[in-house]
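K.L.:
I'd like to ask some things about the structure below.
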Amino acid sequence: MQNKWWRESVFYEIYMPSFKDGNGDGIGDFKGIASKLDYLKDLGIKGIWLTPFYPSPKVDNGYDISDYYNIDKDYGTLEEFKEFLNKAHNLGIKVIIDIVLNHTSSEHPWFKESKSSIGSERRDFYIWKNSIPNNWESFFGGEAWEYDENTKEYYYHAFAKEQVDLNWSNPKVYEAMKDVLKYWIDFGIDGFRFDVINFLTVQDDLNVDNPFDESGEQVHKYDKNQDGVLDIIKRLVKDIRDIKEDIFLVGEVGSEDFNELKPYCGENLLDVVFNFNLGSIDEFSIEKIYKEILCMNEEYDEKQIPTIFFNSHDMGRSITRFNPKGNCNGIEKAIAALLLTTKGVPFMYFGEEIGMQDLVCYDIDKMNDIQGITKYKLEIAKGKSEYEALKLSNKSSRDKSRSPMQWNNDINYGFSEAKPWINIEDKKDKTTVEKATKDNKSLLNLYKELIKIRCNTTALLYGDYEDLILENDVLSFRRKYNDIVVDVVINFSNEDYTQKIDKIELLNTSESNTLKPYDFSIYINKL
Ligand code: NOJ
(Lines give C-alpha, C1' and ligand atoms only; values in the text may rest on other atoms or scores of the structure.)
Protein backbone atom coordinates (compact mmCIF):
# COMPACT_ATOMS: atom_id res chain seq x y z
CA MET A 1 0.00 0.00 0.00
CA GLN A 2 2.98 2.31 -0.22
CA ASN A 3 3.82 4.96 -2.77
CA LYS A 4 0.22 5.59 -3.60
CA TRP A 5 -0.23 9.29 -4.21
CA TRP A 6 -3.23 9.47 -1.92
CA ARG A 7 -1.28 8.07 1.02
CA GLU A 8 1.05 11.03 0.76
CA SER A 9 -1.65 13.67 0.42
CA VAL A 10 -3.66 15.85 2.72
CA PHE A 11 -7.16 16.28 1.28
CA TYR A 12 -9.33 19.38 1.40
CA GLU A 13 -13.09 19.25 0.97
CA ILE A 14 -14.60 22.09 -1.02
CA TYR A 15 -18.30 22.60 -0.52
CA MET A 16 -19.10 23.93 -3.98
CA PRO A 17 -21.48 26.84 -3.30
CA SER A 18 -19.45 28.25 -0.42
CA PHE A 19 -15.78 28.28 -1.32
CA LYS A 20 -15.19 31.06 -3.81
CA ASP A 21 -17.45 32.98 -6.13
CA GLY A 22 -15.71 33.84 -9.39
CA ASN A 23 -18.48 35.62 -11.29
CA GLY A 24 -20.15 37.79 -8.66
CA ASP A 25 -23.49 35.95 -8.47
CA GLY A 26 -22.95 35.05 -4.83
CA ILE A 27 -22.41 31.35 -5.39
CA GLY A 28 -19.08 29.56 -5.43
CA ASP A 29 -17.98 28.22 -8.82
CA PHE A 30 -15.09 26.69 -10.79
CA LYS A 31 -13.71 30.06 -11.80
CA GLY A 32 -13.56 31.02 -8.14
CA ILE A 33 -11.97 27.75 -7.03
CA ALA A 34 -9.39 28.00 -9.83
CA SER A 35 -8.45 31.46 -8.56
CA LYS A 36 -7.70 29.97 -5.13
CA LEU A 37 -5.60 27.02 -6.24
CA ASP A 38 -2.40 28.89 -5.40
CA TYR A 39 -3.73 29.38 -1.87
CA LEU A 40 -4.36 25.63 -1.57
CA LYS A 41 -0.96 24.80 -3.03
CA ASP A 42 0.66 27.12 -0.51
CA LEU A 43 -1.27 25.41 2.28
CA GLY A 44 0.24 22.13 1.13
CA ILE A 45 -2.93 20.47 -0.12
CA LYS A 46 -2.37 17.67 -2.64
CA GLY A 47 -5.93 16.47 -3.08
CA ILE A 48 -9.25 18.28 -3.39
CA TRP A 49 -12.65 16.66 -2.84
CA LEU A 50 -15.42 18.52 -4.64
CA THR A 51 -19.01 18.12 -3.46
CA PRO A 52 -21.50 17.52 -6.31
CA PHE A 53 -21.36 20.08 -9.12
CA TYR A 54 -23.75 18.42 -11.57
CA PRO A 55 -27.01 20.00 -12.74
CA SER A 56 -29.44 19.64 -9.86
CA PRO A 57 -32.58 21.20 -8.41
CA LYS A 58 -30.46 21.31 -5.22
CA VAL A 59 -33.12 20.06 -2.86
CA ASP A 60 -30.17 18.52 -0.99
CA ASN A 61 -27.47 20.85 -2.23
CA GLY A 62 -26.52 18.83 -5.27
CA TYR A 63 -26.86 15.33 -3.82
CA ASP A 64 -29.92 15.17 -6.08
CA ILE A 65 -28.38 14.96 -9.54
CA SER A 66 -30.53 15.52 -12.61
CA ASP A 67 -27.76 15.13 -15.22
CA TYR A 68 -24.61 13.11 -14.54
CA TYR A 69 -22.78 14.39 -17.61
CA ASN A 70 -22.75 18.12 -17.07
CA ILE A 71 -22.03 21.04 -14.78
CA ASP A 72 -24.70 23.00 -12.96
CA LYS A 73 -24.90 26.49 -14.39
CA ASP A 74 -24.32 27.96 -10.92
CA TYR A 75 -20.86 26.41 -10.93
CA GLY A 76 -19.82 27.12 -14.52
CA THR A 77 -19.30 25.02 -17.62
CA LEU A 78 -17.51 21.84 -18.58
CA GLU A 79 -14.74 24.00 -20.09
CA GLU A 80 -14.32 25.88 -16.82
CA PHE A 81 -14.17 22.62 -14.91
CA LYS A 82 -11.51 21.40 -17.35
CA GLU A 83 -9.50 24.62 -16.96
CA PHE A 84 -9.66 24.27 -13.18
CA LEU A 85 -8.62 20.61 -13.39
CA ASN A 86 -5.67 21.35 -15.65
CA LYS A 87 -4.51 24.15 -13.41
CA ALA A 88 -4.81 21.91 -10.35
CA HIS A 89 -2.82 19.16 -12.06
CA ASN A 90 -0.13 21.61 -13.10
CA LEU A 91 0.23 22.59 -9.46
CA GLY A 92 0.47 18.94 -8.38
CA ILE A 93 -3.02 18.85 -6.89
CA LYS A 94 -5.32 15.92 -7.65
CA VAL A 95 -9.09 16.20 -7.71
CA ILE A 96 -11.62 13.66 -6.52
CA ILE A 97 -15.30 14.16 -7.27
CA ASP A 98 -18.41 13.29 -5.37
CA ILE A 99 -20.71 10.90 -7.19
CA VAL A 100 -24.16 9.81 -6.09
CA LEU A 101 -24.94 6.29 -7.26
CA ASN A 102 -27.65 5.45 -4.76
CA HIS A 103 -30.28 7.88 -5.97
CA THR A 104 -31.04 10.45 -8.64
CA SER A 105 -33.05 13.62 -8.52
CA SER A 106 -36.77 13.17 -9.18
CA GLU A 107 -36.06 15.60 -12.04
CA HIS A 108 -33.66 13.18 -13.71
CA PRO A 109 -34.97 12.03 -17.13
CA TRP A 110 -34.69 8.39 -15.97
CA PHE A 111 -37.15 9.02 -13.17
CA LYS A 112 -39.44 11.12 -15.32
CA GLU A 113 -39.58 8.22 -17.76
CA SER A 114 -39.97 5.68 -14.97
CA LYS A 115 -42.96 7.43 -13.51
CA SER A 116 -44.58 8.13 -16.88
CA SER A 117 -46.34 4.72 -16.84
CA ILE A 118 -46.20 1.34 -15.13
CA GLY A 119 -45.08 -0.20 -18.40
CA SER A 120 -42.31 2.34 -19.03
CA GLU A 121 -38.97 0.93 -20.15
CA ARG A 122 -37.27 2.56 -17.19
CA ARG A 123 -39.91 1.60 -14.62
CA ASP A 124 -37.44 -0.84 -13.02
CA PHE A 125 -34.71 1.76 -12.69
CA TYR A 126 -36.37 2.63 -9.38
CA ILE A 127 -38.18 0.73 -6.61
CA TRP A 128 -41.96 0.80 -6.98
CA LYS A 129 -44.71 -0.86 -4.90
CA ASN A 130 -48.47 -0.67 -5.21
CA SER A 131 -48.83 -0.20 -1.46
CA ILE A 132 -46.45 0.84 1.31
CA PRO A 133 -44.71 -2.45 2.20
CA ASN A 134 -42.92 -1.50 5.42
CA ASN A 135 -42.31 1.12 8.11
CA TRP A 136 -38.99 2.37 6.77
CA GLU A 137 -38.20 5.97 7.53
CA SER A 138 -36.26 8.40 5.41
CA PHE A 139 -32.91 9.48 6.87
CA PHE A 140 -34.15 13.05 6.81
CA GLY A 141 -37.30 12.12 8.77
CA GLY A 142 -40.76 11.01 7.66
CA GLU A 143 -41.77 8.03 5.54
CA ALA A 144 -39.41 6.56 2.97
CA TRP A 145 -42.25 5.84 0.51
CA GLU A 146 -43.88 8.49 -1.66
CA TYR A 147 -47.12 8.19 -3.58
CA ASP A 148 -47.11 8.95 -7.29
CA GLU A 149 -50.47 10.28 -8.48
CA ASN A 150 -49.83 9.36 -12.08
CA THR A 151 -49.23 5.62 -11.76
CA LYS A 152 -50.89 5.22 -8.34
CA GLU A 153 -47.86 3.46 -6.84
CA TYR A 154 -45.26 4.30 -4.21
CA TYR A 155 -41.55 4.79 -4.83
CA TYR A 156 -38.74 4.35 -2.33
CA HIS A 157 -36.43 7.16 -1.20
CA ALA A 158 -33.92 6.73 1.63
CA PHE A 159 -33.40 10.51 1.75
CA ALA A 160 -35.68 13.33 0.50
CA LYS A 161 -38.62 12.41 -1.70
CA GLU A 162 -36.84 14.31 -4.48
CA GLN A 163 -33.89 11.85 -4.16
CA VAL A 164 -35.26 8.64 -5.61
CA ASP A 165 -33.41 5.40 -4.87
CA LEU A 166 -32.18 3.51 -7.90
CA ASN A 167 -32.90 -0.17 -8.20
CA TRP A 168 -29.44 -1.73 -8.26
CA SER A 169 -30.84 -5.21 -8.72
CA ASN A 170 -31.55 -4.08 -12.28
CA PRO A 171 -28.35 -4.76 -14.33
CA LYS A 172 -29.19 -1.82 -16.59
CA VAL A 173 -28.66 0.55 -13.65
CA TYR A 174 -25.15 -0.85 -13.23
CA GLU A 175 -24.36 -0.33 -16.90
CA ALA A 176 -25.76 3.20 -16.91
CA MET A 177 -23.66 4.19 -13.90
CA LYS A 178 -20.56 2.49 -15.25
CA ASP A 179 -20.84 4.75 -18.29
CA VAL A 180 -21.07 7.78 -16.01
CA LEU A 181 -17.93 6.77 -14.12
CA LYS A 182 -16.02 6.12 -17.35
CA TYR A 183 -17.02 9.53 -18.66
CA TRP A 184 -15.48 11.33 -15.67
CA ILE A 185 -12.38 9.15 -15.59
CA ASP A 186 -11.81 9.97 -19.25
CA PHE A 187 -12.39 13.62 -18.40
CA GLY A 188 -9.31 13.44 -16.19
CA ILE A 189 -10.47 13.29 -12.57
CA ASP A 190 -8.31 11.42 -10.05
CA GLY A 191 -10.84 9.74 -7.82
CA PHE A 192 -14.39 9.37 -6.61
CA ARG A 193 -16.06 9.91 -3.28
CA PHE A 194 -19.03 7.56 -3.44
CA ASP A 195 -22.00 8.99 -1.60
CA VAL A 196 -23.85 6.61 0.80
CA ILE A 197 -22.34 3.64 -1.01
CA ASN A 198 -23.57 1.09 1.54
CA PHE A 199 -27.17 1.97 0.65
CA LEU A 200 -27.13 0.60 -2.90
CA THR A 201 -29.13 -2.47 -2.06
CA VAL A 202 -32.07 -2.99 0.28
CA GLN A 203 -33.46 -6.16 1.82
CA ASP A 204 -34.98 -8.39 -0.94
CA ASP A 205 -38.15 -8.94 0.96
CA LEU A 206 -39.58 -5.45 1.31
CA ASN A 207 -42.26 -6.67 3.69
CA VAL A 208 -40.05 -6.48 6.76
CA ASP A 209 -40.20 -3.64 9.23
CA ASN A 210 -37.18 -1.93 10.70
CA PRO A 211 -36.98 -2.29 14.50
CA PHE A 212 -36.75 0.60 16.99
CA ASP A 213 -34.21 1.19 19.74
CA GLU A 214 -35.01 1.98 23.41
CA SER A 215 -35.23 5.69 22.69
CA GLY A 216 -37.81 5.10 19.97
CA GLU A 217 -35.43 5.81 17.07
CA GLN A 218 -35.72 3.56 14.05
CA VAL A 219 -32.79 1.19 13.55
CA HIS A 220 -31.97 1.04 9.87
CA LYS A 221 -31.55 -2.69 9.76
CA TYR A 222 -32.92 -3.58 6.35
CA ASP A 223 -32.26 -0.50 4.26
CA LYS A 224 -28.43 -0.40 4.24
CA ASN A 225 -25.49 -2.85 4.24
CA GLN A 226 -27.67 -5.48 2.58
CA ASP A 227 -26.78 -8.56 0.55
CA GLY A 228 -25.31 -7.88 -2.83
CA VAL A 229 -23.86 -4.46 -2.07
CA LEU A 230 -20.30 -5.75 -1.71
CA ASP A 231 -20.49 -7.66 -4.99
CA ILE A 232 -21.59 -4.50 -6.76
CA ILE A 233 -18.77 -2.50 -5.18
CA LYS A 234 -16.15 -5.12 -6.07
CA ARG A 235 -17.35 -5.13 -9.66
CA LEU A 236 -17.32 -1.36 -9.83
CA VAL A 237 -13.83 -1.18 -8.34
CA LYS A 238 -12.54 -3.66 -10.89
CA ASP A 239 -14.23 -1.95 -13.82
CA ILE A 240 -12.88 1.42 -12.71
CA ARG A 241 -9.35 0.14 -12.17
CA ASP A 242 -9.39 -1.47 -15.61
CA ILE A 243 -9.77 2.03 -17.01
CA LYS A 244 -7.37 3.81 -14.64
CA GLU A 245 -5.23 1.99 -12.14
CA ASP A 246 -4.20 4.68 -9.68
CA ILE A 247 -7.58 6.22 -9.13
CA PHE A 248 -8.47 6.93 -5.48
CA LEU A 249 -11.76 5.40 -4.37
CA VAL A 250 -13.35 6.69 -1.20
CA GLY A 251 -16.62 5.36 0.12
CA GLU A 252 -19.02 7.15 2.36
CA VAL A 253 -20.31 4.55 4.78
CA GLY A 254 -21.92 6.83 7.33
CA SER A 255 -20.90 4.91 10.41
CA GLU A 256 -18.61 4.89 13.42
CA ASP A 257 -18.88 1.17 13.85
CA PHE A 258 -15.85 -0.65 12.51
CA ASN A 259 -17.83 -3.85 12.03
CA GLU A 260 -19.94 -1.94 9.56
CA LEU A 261 -16.99 -0.15 7.93
CA LYS A 262 -14.46 -2.96 7.61
CA PRO A 263 -16.08 -5.00 4.83
CA TYR A 264 -15.94 -2.05 2.43
CA CYS A 265 -12.24 -1.17 2.26
CA GLY A 266 -9.01 -2.96 1.53
CA GLU A 267 -7.73 -5.15 -1.26
CA ASN A 268 -10.02 -5.24 -4.33
CA LEU A 269 -12.39 -2.95 -2.48
CA LEU A 270 -12.56 0.77 -1.89
CA ASP A 271 -9.23 2.32 -0.93
CA VAL A 272 -10.71 3.92 2.17
CA VAL A 273 -14.07 4.65 3.72
CA PHE A 274 -15.00 7.63 5.79
CA ASN A 275 -15.12 6.60 9.43
CA PHE A 276 -17.25 9.08 11.30
CA ASN A 277 -15.86 8.19 14.72
CA LEU A 278 -14.00 11.48 15.19
CA GLY A 279 -16.45 13.66 13.25
CA SER A 280 -19.36 12.47 15.35
CA ILE A 281 -17.84 13.48 18.70
CA ASP A 282 -20.15 16.22 19.91
CA GLU A 283 -18.38 17.38 23.01
CA PHE A 284 -14.66 17.33 23.41
CA SER A 285 -13.32 14.30 25.23
CA ILE A 286 -9.72 13.23 24.83
CA GLU A 287 -10.62 9.84 26.32
CA LYS A 288 -13.12 9.31 23.51
CA ILE A 289 -10.71 10.50 20.84
CA TYR A 290 -7.99 8.26 22.26
CA LYS A 291 -10.33 5.27 22.28
CA GLU A 292 -11.24 5.90 18.65
CA ILE A 293 -7.61 6.20 17.55
CA LEU A 294 -6.86 2.91 19.31
CA CYS A 295 -9.87 1.35 17.64
CA MET A 296 -8.84 2.50 14.14
CA ASN A 297 -5.45 0.96 14.76
CA GLU A 298 -6.69 -2.33 16.11
CA GLU A 299 -9.76 -3.00 14.00
CA TYR A 300 -8.29 -2.57 10.55
CA ASP A 301 -5.83 -5.04 9.01
CA GLU A 302 -2.57 -3.78 7.47
CA LYS A 303 -4.22 -3.21 4.07
CA GLN A 304 -6.98 -1.06 5.53
CA ILE A 305 -6.17 2.59 6.05
CA PRO A 306 -8.36 4.81 8.22
CA THR A 307 -9.50 8.28 7.23
CA ILE A 308 -8.95 11.06 9.75
CA PHE A 309 -11.36 13.96 9.84
CA PHE A 310 -13.13 16.06 12.41
CA ASN A 311 -15.16 18.09 9.92
CA SER A 312 -17.27 17.90 6.78
CA HIS A 313 -20.35 19.50 5.24
CA ASP A 314 -22.53 17.04 7.18
CA MET A 315 -21.59 18.05 10.73
CA GLY A 316 -21.06 21.07 12.90
CA ARG A 317 -17.52 22.44 12.82
CA SER A 318 -15.24 20.79 15.40
CA ILE A 319 -13.96 24.12 16.70
CA THR A 320 -17.52 24.99 17.80
CA ARG A 321 -18.35 21.47 18.98
CA PHE A 322 -15.21 21.24 21.07
CA ASN A 323 -15.17 24.78 22.38
CA PRO A 324 -18.72 26.15 22.25
CA LYS A 325 -17.75 29.28 24.22
CA GLY A 326 -15.28 30.18 21.50
CA ASN A 327 -12.81 31.61 24.02
CA CYS A 328 -9.67 30.89 22.00
CA ASN A 329 -8.34 28.27 24.38
CA GLY A 330 -6.09 26.82 21.69
CA ILE A 331 -7.81 23.46 21.34
CA GLU A 332 -8.02 23.93 17.56
CA LYS A 333 -4.22 23.85 17.37
CA ALA A 334 -4.03 20.60 19.30
CA ILE A 335 -6.71 19.11 17.02
CA ALA A 336 -4.75 20.21 13.95
CA ALA A 337 -1.71 18.42 15.35
CA LEU A 338 -3.75 15.28 15.91
CA LEU A 339 -5.25 15.37 12.43
CA LEU A 340 -1.86 15.66 10.80
CA THR A 341 0.26 13.30 12.87
CA THR A 342 -1.99 10.29 13.36
CA LYS A 343 -2.21 7.26 11.09
CA GLY A 344 -4.56 7.49 8.12
CA VAL A 345 -5.57 9.78 5.29
CA PRO A 346 -6.39 13.26 6.63
CA PHE A 347 -9.33 15.18 5.20
CA MET A 348 -9.76 18.86 6.05
CA TYR A 349 -12.92 20.85 5.45
CA PHE A 350 -12.66 24.31 3.92
CA GLY A 351 -12.25 27.04 6.52
CA GLU A 352 -10.98 24.63 9.15
CA GLU A 353 -7.50 26.04 8.63
CA ILE A 354 -8.58 29.51 9.74
CA GLY A 355 -10.84 28.31 12.55
CA MET A 356 -14.20 29.17 11.00
CA GLN A 357 -17.04 28.69 13.46
CA ASP A 358 -20.57 27.34 13.07
CA LEU A 359 -23.21 29.95 12.33
CA VAL A 360 -26.83 30.01 13.43
CA CYS A 361 -29.98 30.45 11.35
CA TYR A 362 -32.49 32.80 13.00
CA ASP A 363 -35.17 32.63 10.33
CA ILE A 364 -36.64 29.35 9.08
CA ASP A 365 -37.40 30.94 5.70
CA LYS A 366 -33.69 31.39 5.22
CA MET A 367 -32.76 27.84 6.12
CA ASN A 368 -31.39 25.97 3.16
CA ASP A 369 -30.71 22.44 4.39
CA ILE A 370 -33.43 19.87 3.76
CA GLN A 371 -32.52 18.06 6.96
CA GLY A 372 -33.08 21.19 9.06
CA ILE A 373 -36.25 22.16 7.20
CA THR A 374 -37.73 18.67 7.57
CA LYS A 375 -36.92 18.69 11.27
CA TYR A 376 -38.69 22.05 11.66
CA LYS A 377 -41.83 20.78 9.94
CA LEU A 378 -41.90 17.57 11.98
CA GLU A 379 -41.50 19.50 15.25
CA ILE A 380 -44.24 21.99 14.35
CA ALA A 381 -46.49 19.03 13.46
CA LYS A 382 -45.76 17.59 16.91
CA GLY A 383 -47.01 20.84 18.46
CA LYS A 384 -43.71 22.57 19.28
CA SER A 385 -43.60 26.38 19.23
CA GLU A 386 -41.89 28.09 16.29
CA TYR A 387 -39.04 29.09 18.60
CA GLU A 388 -38.52 25.55 19.90
CA ALA A 389 -38.81 24.08 16.41
CA LEU A 390 -36.24 26.55 15.07
CA LYS A 391 -33.88 25.73 17.90
CA LEU A 392 -34.17 21.99 17.25
CA SER A 393 -33.92 22.42 13.50
CA ASN A 394 -30.68 24.36 13.98
CA LYS A 395 -29.31 21.28 15.70
CA SER A 396 -30.18 19.07 12.72
CA SER A 397 -29.44 21.61 10.03
CA ARG A 398 -26.11 21.31 8.30
CA ASP A 399 -26.22 24.93 7.14
CA LYS A 400 -24.22 25.79 10.23
CA SER A 401 -20.96 24.60 8.73
CA ARG A 402 -21.71 25.56 5.14
CA SER A 403 -21.39 29.33 5.35
CA PRO A 404 -19.14 31.07 2.84
CA MET A 405 -15.38 30.89 3.20
CA GLN A 406 -14.16 33.92 5.09
CA TRP A 407 -11.57 35.20 2.67
CA ASN A 408 -11.56 38.76 3.97
CA ASN A 409 -13.60 41.24 5.94
CA ASP A 410 -15.82 42.33 3.07
CA ILE A 411 -19.38 42.55 4.19
CA ASN A 412 -20.26 39.33 2.36
CA TYR A 413 -16.91 37.62 2.56
CA GLY A 414 -16.74 37.98 -1.18
CA PHE A 415 -20.29 36.69 -1.64
CA SER A 416 -23.42 38.62 -2.51
CA GLU A 417 -26.66 38.14 -0.62
CA ALA A 418 -27.82 35.40 -2.99
CA LYS A 419 -27.69 32.79 -0.22
CA PRO A 420 -28.51 34.78 2.88
CA TRP A 421 -29.79 31.84 4.92
CA ILE A 422 -27.50 32.60 7.75
CA ASN A 423 -27.28 35.81 9.71
CA ILE A 424 -23.62 36.59 9.81
CA GLU A 425 -23.03 38.74 12.84
CA ASP A 426 -19.94 40.54 14.11
CA LYS A 427 -18.42 40.44 10.68
CA LYS A 428 -15.52 42.62 11.74
CA ASP A 429 -14.34 40.19 14.40
CA LYS A 430 -14.47 37.04 12.36
CA THR A 431 -11.32 35.22 11.45
CA THR A 432 -10.37 35.65 7.79
CA VAL A 433 -7.74 34.29 5.46
CA GLU A 434 -6.48 37.82 4.91
CA LYS A 435 -5.84 38.35 8.63
CA ALA A 436 -4.50 34.84 9.23
CA THR A 437 -1.98 35.11 6.40
CA LYS A 438 -0.32 38.13 8.02
CA ASP A 439 -0.18 36.61 11.50
CA ASN A 440 2.82 34.31 12.03
CA LYS A 441 1.12 32.63 14.95
CA SER A 442 -2.19 32.02 13.19
CA LEU A 443 -3.89 28.64 12.90
CA LEU A 444 -3.47 28.92 9.13
CA ASN A 445 0.30 29.16 9.44
CA LEU A 446 0.34 26.28 11.89
CA TYR A 447 -1.62 24.11 9.43
CA LYS A 448 0.90 24.97 6.72
CA GLU A 449 3.77 23.92 8.91
CA LEU A 450 2.08 20.72 10.06
CA ILE A 451 1.12 19.70 6.53
CA LYS A 452 4.66 20.28 5.33
CA ILE A 453 6.06 18.18 8.17
CA ARG A 454 3.57 15.38 7.55
CA CYS A 455 4.21 15.21 3.82
CA ASN A 456 8.00 15.29 4.23
CA THR A 457 8.22 12.72 7.01
CA THR A 458 7.82 9.10 5.91
CA ALA A 459 7.25 7.98 9.49
CA LEU A 460 4.18 10.25 9.69
CA LEU A 461 2.86 8.98 6.37
CA TYR A 462 3.52 5.29 6.79
CA GLY A 463 4.79 4.63 10.29
CA ASP A 464 3.09 2.28 12.70
CA TYR A 465 2.25 3.35 16.21
CA GLU A 466 4.38 2.48 19.15
CA ASP A 467 3.46 3.47 22.69
CA LEU A 468 0.14 5.10 21.96
CA ILE A 469 -0.60 6.43 25.43
CA LEU A 470 -3.03 8.73 27.17
CA GLU A 471 -1.89 9.69 30.65
CA ASN A 472 -3.36 12.54 32.67
CA ASP A 473 -4.89 13.88 29.46
CA VAL A 474 -1.53 14.07 27.72
CA LEU A 475 -1.60 12.10 24.49
CA SER A 476 1.71 10.74 23.26
CA PHE A 477 2.70 8.31 20.58
CA ARG A 478 5.59 7.25 18.44
CA ARG A 479 5.31 6.59 14.70
CA LYS A 480 8.06 4.33 13.43
CA TYR A 481 9.12 3.65 9.88
CA ASN A 482 12.32 1.66 9.23
CA ASP A 483 14.88 3.25 11.54
CA ILE A 484 13.18 6.64 11.77
CA VAL A 485 10.92 7.46 14.68
CA VAL A 486 8.75 10.49 15.25
CA ASP A 487 7.51 11.26 18.75
CA VAL A 488 4.40 13.31 19.21
CA VAL A 489 3.18 14.73 22.52
CA ILE A 490 -0.05 16.76 22.71
CA ASN A 491 -1.06 18.26 26.01
CA PHE A 492 -4.86 18.06 26.28
CA SER A 493 -4.81 18.60 30.04
CA ASN A 494 -5.26 21.93 31.77
CA GLU A 495 -1.87 21.78 33.42
CA ASP A 496 1.69 22.20 32.21
CA TYR A 497 3.48 19.06 31.15
CA THR A 498 7.25 18.81 31.14
CA GLN A 499 8.94 16.33 28.85
CA LYS A 500 12.48 15.04 28.41
CA ILE A 501 14.03 16.08 25.14
CA ASP A 502 16.89 14.26 23.45
CA LYS A 503 15.83 14.40 19.83
CA ILE A 504 15.63 16.75 16.89
CA GLU A 505 12.74 19.12 16.98
CA LEU A 506 10.36 19.31 14.04
CA LEU A 507 7.83 21.53 15.72
CA ASN A 508 7.20 22.59 19.29
CA THR A 509 4.51 25.14 20.00
CA SER A 510 5.89 25.93 23.44
CA GLU A 511 9.51 26.66 22.46
CA SER A 512 10.69 24.84 25.59
CA ASN A 513 10.33 21.40 27.12
CA THR A 514 7.27 22.46 29.11
CA LEU A 515 4.03 22.14 27.20
CA LYS A 516 1.21 24.41 28.34
CA PRO A 517 -2.39 23.21 27.84
CA TYR A 518 -2.94 22.44 24.12
CA ASP A 519 0.74 22.83 23.26
CA PHE A 520 2.31 19.99 21.36
CA SER A 521 5.71 18.87 20.21
CA ILE A 522 6.93 16.71 17.36
CA TYR A 523 10.43 15.26 17.45
CA ILE A 524 12.27 13.04 15.03
CA ASN A 525 15.04 10.57 15.75
CA LYS A 526 17.09 7.88 14.05
CA LEU A 527 17.31 4.64 15.97
C1 NOJ B 1 -24.28 12.05 2.19
C2 NOJ B 1 -23.94 13.46 1.89
O3 NOJ B 1 -22.69 13.78 2.45
C4 NOJ B 1 -25.06 14.30 2.45
O5 NOJ B 1 -24.75 15.66 2.40
C6 NOJ B 1 -26.32 13.97 1.68
O7 NOJ B 1 -27.41 14.67 2.27
C8 NOJ B 1 -26.64 12.47 1.73
N9 NOJ B 1 -25.47 11.68 1.49
C10 NOJ B 1 -27.67 12.08 0.71
O11 NOJ B 1 -27.14 12.06 -0.57
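The values are calculated or read from the model by the stated rules, or taken from the named source; none is laboratory data. None of these values were measured; they are calculated from a predicted model. In this analysis, Cβ positions are derived from the backbone assuming ideal geometry, glycine residues included, and neighbour counts consider all displayed protein chains. Please note that ligands, DNA and RNA were not included when accessible areas were found on the heavy atoms of the full protein model with its side chains. Shrake-Rupley method; radii C 1.70, N 1.55, O 1.52, S 1.80 Å.
K.L.:
May I ask which residue of His103, Ile45, Asn135 lies farthest towards the positive end of the charge dipole of the stretch 25-168, with charges of +1 (Lys, Arg) and -1 (Asp, Glu) on Cβ and the Cα centre as origin?
P.N.:
Farthest towards the positive pole: Ile45.
K.L.:
Applying the Karplus parametrisation 6.51 cos²θ - 1.76 cosθ + 1.60 with θ = phi - 60° to the phi angles of the stretch 158-174, what ³J(HN,Hα) value in whole Hz is obtained for each residue in order, glycine and proline being reported as x?
P.N.:
6, 10, 5, 5, 8, 10, 8, 5, 7, 9, 6, 7, 8, x, 5, 5, 4
K.L.:
Another question, then. Rounded to the nearest percent, how much of the accessible area of the chain (1.4 Å probe, protein heavy atoms only) is carbon and sulfur?
P.N.:
46 percent
K.L.:
Measuring from the lowest to the highest alpha carbon on each principal axis, how far does the chain reach, largest first, in angstroms?
P.N.:
76, 53, 49
K.L.:
Can you flag which of Lys36/Lys94; Lys343/Lys526; Lys46/Lys178 are past 23 Å Cα-Cα?
P.N.:
Result: Lys46/Lys178 exceed 23 Å.
K.L.:
Ranked highest first by average number of other Cβ atoms within 10 Å, how do 384-390, 98-104, 302-308, 166-172 line up?
P.N.:
Taking the mean over residues of other Cβ atoms within 10 Å, the ranking is 98-104, 302-308, 166-172, 384-390.
K.L.:
Across the stretch 58-73, in residue order, what do the Karplus-derived ³J(HN,Hα) couplings come to in whole Hz, using 6.51 cos²θ - 1.76 cosθ + 1.60 with θ = phi - 60° and x for Gly and Pro?
P.N.:
Those phi angles translate into 6, 5, 10, 6, x, 7, 10, 8, 10, 7, 7, 10, 9, 10, 5, 4 Hz.
K.L.:
Helix 386-396: angle to the longest alpha-carbon principal axis of the chain, degrees 0 to 90, nearest 10?
P.N.:
Relative to the chain, helix 386-396 is tipped by roughly 70 degrees.
K.L.:
How many percent of DSSP beta bridges within the chain run antiparallel, rounded to 5? Before the final figure, lay out the partial values.
P.N.:
Values: 39 of 65 bridges.
So the antiparallel bridges in the chain amount to around 60 percent.
K.L.:
Using the Karplus equation 6.51 cos²θ - 1.76 cosθ + 1.60 (θ = phi - 60°), what ³J(HN,Hα) coupling, rounded to whole Hz, does each residue of the stretch 232-247 give in order, writing x for Gly and Pro?
P.N.:
4, 5, 4, 5, 4, 4, 5, 4, 5, 5, 5, 7, 9, 5, 9, 6
K.L.:
As a check on your grasp of the helix formula, calculate [θ] at 222 nm for the chain: sum -39500 (n - 2.57) over DSSP H runs of n ≥ 4, divide by the residue count, round to the nearest 500.
P.N.:
-8000 deg cm²/dmol
K.L.:
Now, a different point. How big is the stretch 464-526 in terms of Cα radius of gyration and Dmax, in angstroms?
P.N.:
Here Rg and the maximum Cα pair distance are 11.2, 35 Å.
K.L.:
Let me check I've understood the local charge: for Leu460, count other residues with C-beta under 12 angstrom from its C-beta, Lys and Arg +1, Asp and Glu -1. What total comes out?
P.N.:
Combined, the nearby Lys, Arg, Asp and Glu give +4.
K.L.:
Output the peptides 189-199, 243-253 sorted from most to least packed, where packing is the average of other Cβ atoms within 10 Å over each peptide's residues.
P.N.:
The most tightly packed comes first, giving 189-199, 243-253.
K.L.:
If you put +1 on each Lys and Arg Cβ and -1 on each Asp and Glu Cβ, how big is the dipole of the chain around its Cα centre, in Debye rounded to 20?
P.N.:
Computed about the Cα centre, the dipole is about 1200 debye.
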